[in-house]
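For reference, the structure discussed in these notes is given below.
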Amino acid sequence: GAGVSQSPRYKVAKRGQDVALRCDPISGHVSLFWYQQALGQGPEFLTYFQNEAQLDKSGLPSDRFFAERPEGSVSTLKIQRTQQEDSAVYLCASSLVRGPAEAFFGQGTRLTVV
Amino acid sequence: GDSVTQMEGPVTLSEEAFLTINCTYTATGYPSLFWYVQYPGEGLQLLLKATKADDKGSNKGFEATYRKETTSFHLEKGSVQVSDSAVYFCALSETSYDKVIFGPGTSLSVIP
């Protein structure tokens, strides 16, 4: 596709439920990033992939958060046993090369934990 | 650690007014600097960037100059339009890949 696609756009989960958020990056983009954006805040880095390798997961807030990109294209962010503080918009971004290049962002998945 | 601070909003301006949104940063090295914009209902978009001291990034009438001596990257536009209403994020990237650290955002409303 023309841009970064994320699904679902909206997700309501009951506390304790597991969720999976999908990101389809721009075709051919090597780098993929996940960010968490709480209401009224700037996005905060979660994790980074270069192709299928997860090179940085320093921003994942707990071991309930897990991300994968097994074939170096589509990525999934999984949150286990969701809690209310996980409610946020989860953004995915991709960029063509390693290095200070422009990263393109998807529209995000808004997760609400009730 | 690295961080970005920007002026608090919301900012409300009349059409054709001059805009300045202040941004300062803290970094251990020599980062690239960015302004991103988030229009209502849309995803984050890169507005402009600068990769070294004294570089000026510009796009859509917006400008920002990388000032290493004051660790600043203030966003300016000479004449704002209603269509510029959005949230603006100052950001930096210091690593060899594009991990971006964002400021908290400044909401801008432009009224006719």
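Taking first residues from region A:48-67 that are under 17 Å from residue A:94 (Cα atoms) and partners that are of a type in the set (D, E, K, R), the Cβ contacts under 6 Å between residues at least 6 apart in sequence or on separate chains come to A:48/A:56; A:48/B:99; A:49/A:69; A:52/A:69.
Residues of region A:15-37 that are surrounded by fewer than 17 Cβ atoms within 10 Å (Cβ to Cβ), at pLDDT 95 or above, in a loop (DSSP other than H, G, I, E, B) and not charged (D, E, K, R): A:16, A:17. Restricting region A:94-114 to residues that are open to solvent by 30 Å² or more (accessible area, probe 1.4 Å), part of a loop (DSSP other than H, G, I, E, B) and in contact with a Lys or Arg (Cβ under 9 Å, 6 or more places away or on another chain) leaves a set whose member that is nearest to residue A:15 (Cα to Cα) is A:114. Does region B:19-32 contain at least one residue that is within 12 Å of chain A (Cβ to nearest Cβ), open to solvent by 60 Å² or more (accessible area, probe 1.4 Å) and touching a Leu at 6+ places or on another chain (Cβ under 9 Å)? No, region B:19-32 contains no residue that is within 12 Å of chain A (Cβ to nearest Cβ), open to solvent by 60 Å² or more (accessible area, probe 1.4 Å) and touching a Leu at 6+ places or on another chain (Cβ under 9 Å).
Is one or more of the residues making up region A:75-93 away from chain B (no Cβ under 12 Å), in a strand (DSSP E or B), of a type in the set (Gly, Ala, Ser) and surrounded by fewer than 21 Cβ atoms within 10 Å (Cβ to Cβ)? Within region A:75-93, one or more residues are away from chain B (no Cβ under 12 Å), in a strand (DSSP E or B), of a type in the set (Gly, Ala, Ser) and surrounded by fewer than 21 Cβ atoms within 10 Å (Cβ to Cβ). Selection of first residues in region B:1-17 that are over 30 Å from residue B:28 (Cβ atoms) and of second residues that are of a type in the set (Asp, Glu), restricted to Cβ pairs under 8 Å at least 6 apart or on distinct chains, gives an empty result. Considering the conditions (1) surrounded by 14 or more Cβ atoms within 10 Å (Cβ to Cβ); (2) assigned to a loop (DSSP other than H, G, I, E, B), residue B:54 is excluded by exactly one of them, (1).
Looking only at region B:61-90, residues that are basic (Lys, Arg) and under 19 Å from residue B:105 (Cα atoms) come to 1 in all.
Just need a number here: residues in region B:33-51 that are assigned to a loop (DSSP other than H, G, I, E, B), surrounded by fewer than 16 Cβ atoms within 10 Å (Cβ to Cβ) and free of Cβ contacts under 8 Å to residues at least 24 places away in the same chain.
3
Condition test on residue A:50, is it surrounded by fewer than 22 Cβ atoms within 10 Å (Cβ to Cβ), within 13 Å of chain B (Cβ to nearest Cβ) and either at negative phi or in contact with a helix residue (DSSP H, G or I) (Cβ under 6 Å, 6 or more places away or on another chain) (or both)? For residue A:50, the condition - surrounded by fewer than 22 Cβ atoms within 10 Å (Cβ to Cβ), within 13 Å of chain B (Cβ to nearest Cβ) and either at negative phi or in contact with a helix residue (DSSP H, G or I) (Cβ under 6 Å, 6 or more places away or on another chain) (or both) - is met. Determine, yes or no, whether residue A:102 is over 26 Å from residue B:88 (Cβ atoms) and of a type in the set (D, E, K, R). Taking the combined requirement at face value, the residue does not satisfy it.
Table: residues versus (1) under 30 Å from residue A:60 (Cα atoms); (2) under 10 Å from the mean Cα position of the chain (by Cα); (3) more than 14 Å from every other protein chain (Cβ to nearest Cβ).
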| site | (1), (2), (3) |
| --- | --- |
| B:58 | no, no, yes |
| B:62 | no, yes, yes |
| B:70 | no, no, yes |
| B:73 | yes, yes, yes |
| B:76 | no, yes, yes |
| B:80 | no, no, yes |
| B:89 | yes, yes, no |
| B:95 | yes, no, no |
| B:102 | yes, yes, no |
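If I filter region B:80-94 for residues that are surrounded by fewer than 19 Cβ atoms within 10 Å (Cβ to Cβ) and at pLDDT below 95, do I get at least one hit? Yes, some residue in region B:80-94 is surrounded by fewer than 19 Cβ atoms within 10 Å (Cβ to Cβ) and at pLDDT below 95. If you filter region B:1-18 down to residues that are hydrophobic (A, V, I, L, M, F, W, C) and touching a Gly at 6+ places or on another chain (Cβ under 9 Å), you find that the one that is most open to solvent (accessible area, probe 1.4 Å) is B:18.
The values are calculated or read from the model by the stated rules, or taken from the named source; none is laboratory data. Every value quoted in this text rests on a predicted model; they were computed, and no experiment measured them. Every residue, glycine among them, receives a Cβ derived from its backbone with ideal geometry; neighbour counts consider all protein chains shown. In case anyone asks, the SASA skips ligands and DNA or RNA and just uses the protein heavy atoms, side chains included. Shrake-Rupley method; radii C 1.70, N 1.55, O 1.52, S 1.80 Å.
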